[in-house]
Amino acid sequence: MKELLIAFLSKTLNLDTESVAELLYKKSDEGKLTEEVNPEALAGLLAKDAERVAAIKPNTKEFFDNGFKKAQKEISEEWEAKLRENFGITNVEAKGDKLIKLAKTAAAADTPLEADKVKVHPLYLSLEAEAAQKLADKEKEFNDKLAEREAAQIREKLISTNKERGRKLLASLNPILPQKQEIADNQINDFLTKLEGFDYEGEGDDPIIVKDGKRLENEHGHPVRLSQKVKELAGANFEFAVQTEKGNAGNGGDGSAGKTGNGVKVPATEEEYNDLFFSASTMEERESITSAWAAKNGAE
Amino acid sequence: MAAGDFTASNMRDALIKADNMWKDDMLKVEYEADVDVVKALMAEQNADVRVISDDRKDVDVDVFWVDACGITTQDCTPLCENDFDLLESKKKSYTLDLCQEVGFSVMEEQGRTNLIDMEEIVAKGILMCSKELDEWWAQMAVAKLETFVGVNALTNGRGTVVGTDTFIPDASWTPSIFAYFARVAKMNKFKNPYLLSGANLYELAWEAEYDRANGEGKGADAKLKSMRKYFDLLNIDTVNDPDMVTYLMNRGAVAMAFKNKHAAAPKEFNGAALTKSRTASRNLPGVFYDTTYTNVCDGDDIKHTWKFKVRGGIFNNPTGCTTGRNGILRMVAGDAPV
């Protein structure tokens, strides 16, 4: 029995038999093992057993930590692979937070926004209103410019038309012009530029003159027309030739069948002015004669 | 005349004011005369009228009519015999038998205290007198036409000839009536015919003008334009009432003549206390009125008076190739009297 016990304890405590025997039996004074059981044998054996267990049991915290880390790594790698696969991330170096960021970006690109929700978002509403206002402002600006341009074109055309009318009216007054054609043309063109400062109103060949938005009126409050204005301006800028009385097949006036008008004469005296004026059969003739008389007196 | 008289300068200013009123469309409507018939006759007149200024006292004007009716055929003559009458204007002398006058007065005080001055009052008076005289002349013109009308030589057309009238049923006054008019003109030897009408053809012409853009309207427009037309909606129908009349006329069938005894510019006659001058008609180009101005003491004021007188005559071309064919035919809308 003693040998069995020692053998068992030796095996289990991983001690040699002598060490076991020393634990079990007292030693003599000579140091020899006796047959007497050591009263401390149990304590000694338990201590040795504790030693044995400690030698077997590793550092569990480190073991745990190592195992956890390993597991964590494996799990992470597994999820990272899934993330890459699902979000089409090809960058294999991207890991952890970087990989998550990439996945988020990919996810945001893929995920369709719900339109109805976007449309009521304050930022959307604000941007929409701003865009609409900008569009309206641009449209108004364009329309204003277009209207301005159209009005300018119409005015330009009216002025051009009425300058031509003015040219004909001036010619009918028979102004005395320089012999040289170029100088005569320049004088007439300079005169016609005076008509550019007016606007013109009304249908027909003799429109009403408008200045600064108001129609020009004579001392009677009657509107001034182009023909009157041309005559007024011409009287201050030209001397005039006078046409003699035109004939009419139905009127023998003073004994002639009808004179053709081809005279070039400004009344020299008031008596001559009266003769010509009262012999004139039309308003235009009277005005021409009066303009010539006024021009002559204005020049003296 | 002394200071205070309405001088030549005043009269000039009054006429200038009248001109300015005439240019005002609103005012012109009040003073513009309805004289379309006179304007038409003037446009179609080709006679040369000369006022007599020689010793002849019993006539006023010489009218030179173009006469092409002296030409007649004869048997053939040898090559070298070429002696024919001269084609010349036929001269006829006339006494002017139409004379009418109109006038107005203005008190000195009225011209002084009124808001508008004397010259403006006179200007309005001149315009009014011109209107009255010219409209009288237009009525005279229609009355004279009535005395000139001849007999229609075409008796088998759509019109029924009764004396100097040709009655055309109302339903026939369509664009195709111009075919009839052309035929009448030809048969009556109107070399250059035109129409002078009251309201008869007016609406037809108006519609044709606006319908000409349509496919169907072009024909009607062309028909109406095949002959010159003049309208006087006031005078022709008024004088001929109740008849609705269109005159078919030959150019040059009528001549009008006027004569003035006053010089144009104002001339004072102190002994007679009047001023004579001439004033041009507003509505009839080339027509002048002999104008007389006087002023007299009237109660406690001075009365200024102006008188305007028109003297003239309206004559029918006497050189019609056939007796009774005077170049004027009277077309009446309606059925011939039974």
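The values are calculated or read from the model by the stated rules, or taken from the named source; none is laboratory data. Worth saying up front: this structure is predicted, and the values here are computed from it rather than measured. Here the Cβ positions follow ideal geometry from the backbone for every residue, glycine too, while neighbour counts run over all protein chains shown. Remember, those area values only see protein heavy atoms, side chains included, never the ligands or the DNA or RNA. Shrake-Rupley method; radii C 1.70, N 1.55, O 1.52, S 1.80 Å.
How many of the residues making up the range B:288-318 are among the β-branched types (Val, Ile, Thr) and open to solvent by 20 Å² or more (accessible area, probe 1.4 Å)?
Looking only at that region, the number is 5.
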Point to revise | Members of the range A:201-215 found to be part of a loop (DSSP other than H, G, I, E, B) and surrounded by 12 or more Cβ atoms within 10 Å (Cβ to Cβ), listed by number | key: A:202, A:205, A:206, A:207
Check your understanding: Of all residues in the range B:232-267, which are assigned to a helix (DSSP H, G or I) and in contact (Cβ under 8 Å) with a residue 60 or more places away in the chain?
Key -> B:235, B:236, B:238, B:239, B:240
Exercise for review: Give A:201, A:182 a once-over and let me know the one that is within 42 Å of the chain's Cα centre (by Cα) and of a type outside the set (A, V, I, L, M, F, W, C).
Suggested key: A:201
Review point. Got at least one residue in the range B:297-320 being assigned to a strand (DSSP E or B), of a type in the set (A, V, I, L, M, F, W, C), closer than 18 Å to residue B:47 by Cβ and at pLDDT below 95?
Key: yes
**Study point:** Among the candidates A:5, A:23, A:33, A:15, residue that is over 30 Å from residue A:97 (Cβ atoms), in contact with a Phe, Trp or Tyr (Cβ under 7 Å, 6 or more places away or on another chain), surrounded by 12 or more Cβ atoms within 10 Å (Cβ to Cβ) and not polar (S, T, N, Q)
**Key:** A:33
Practice item. State which residue pairs qualify: first residue more than 18 Å from residue B:43 (Cα to Cα) and open to solvent by 30 Å² or more (accessible area, probe 1.4 Å) and inside the range B:271-287, second residue in a loop (DSSP other than H, G, I, E, B) and aliphatic (A, V, I, L, M) in any location, beta carbons under 8 Å apart, and separation of 6 or more residues or different chains. Key: B:273/B:1; B:276/B:263
Point to revise | Residue list for the range B:76-98, restricted to those being modelled with pLDDT of 75 or more and open to solvent by less than 70 Å² (accessible area, probe 1.4 Å) | key: B:77, B:93, B:94, B:96, B:98
Exercise for review: Could you run through the range A:226-252 and say how many residues are at pLDDT 65 or above, acidic (Asp, Glu) and more than 56 Å from the chain's Cα centre (by Cα)?
Suggested key: 1
Exercise for review: Scan the range A:182-195 for residues that are among the hydrophobic types (A, V, I, L, M, F, W, C) and open to solvent by 60 Å² or more (accessible area, probe 1.4 Å) and report the count.
Suggested key: 1
**Study point:** Index of the failed condition, residue A:179 passing every other in (1) under 15 Å from residue A:237 (Cα atoms); (2) open to solvent by 70 Å² or more (accessible area, probe 1.4 Å)
**Key:** (1)
Review point. Would the range A:123-135 turn up any residue that is open to solvent by 80 Å² or more (accessible area, probe 1.4 Å), at pLDDT below 85 and assigned to a helix (DSSP H, G or I)?
Key: no
Review point. Among the residues of the range B:22-38, which ones are within 11 Å of chain A (Cβ to nearest Cβ) and either at pLDDT 95 or above or surrounded by 21 or more Cβ atoms within 10 Å (Cβ to Cβ) (or both)?
Key: B:38
Practice item. Just need a number here: residues in the range B:136-173 that are surrounded by fewer than 18 Cβ atoms within 10 Å (Cβ to Cβ), of a type in the set (D, E, K, R) and within 26 Å of the chain's Cα centre (by Cα). Key: 1
Practice item. With the condition kept exactly as written, say whether any residue in the range B:200-222 is closer than 22 Å to residue B:135 by Cα, open to solvent by 60 Å² or more (accessible area, probe 1.4 Å) and part of a loop (DSSP other than H, G, I, E, B). Key: no
Exercise for review: Mind listing whichever residues of the range B:241-252 are open to solvent by less than 10 Å² (accessible area, probe 1.4 Å), away from every other protein chain (no Cβ under 14 Å) and out of contact with any Pro (no Cβ under 9 Å at 6 or more places or on another chain)?
Suggested key: B:245, B:246, B:247
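Please tell me if residue A:198 is at pLDDT below 70, open to solvent by less than 30 Å² (accessible area, probe 1.4 Å) and on the phi < 0 side of the Ramachandran plot.
It is false that residue A:198 is at pLDDT below 70, open to solvent by less than 30 Å² (accessible area, probe 1.4 Å) and on the phi < 0 side of the Ramachandran plot.
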Review point. What number goes with the only condition from (1) open to solvent by 10 Å² or more (accessible area, probe 1.4 Å); (2) touching a Leu at 6+ places or on another chain (Cβ under 9 Å) that residue B:236 does not pass?
Key: (1)
Review point. Restricted to the range B:39-54, and to residues that are over 17 Å from residue B:195 (Cβ atoms) and among the aliphatic types (A, V, I, L, M), which residue is surrounded by the most Cβ atoms within 10 Å (Cβ to Cβ)?
Key: B:49
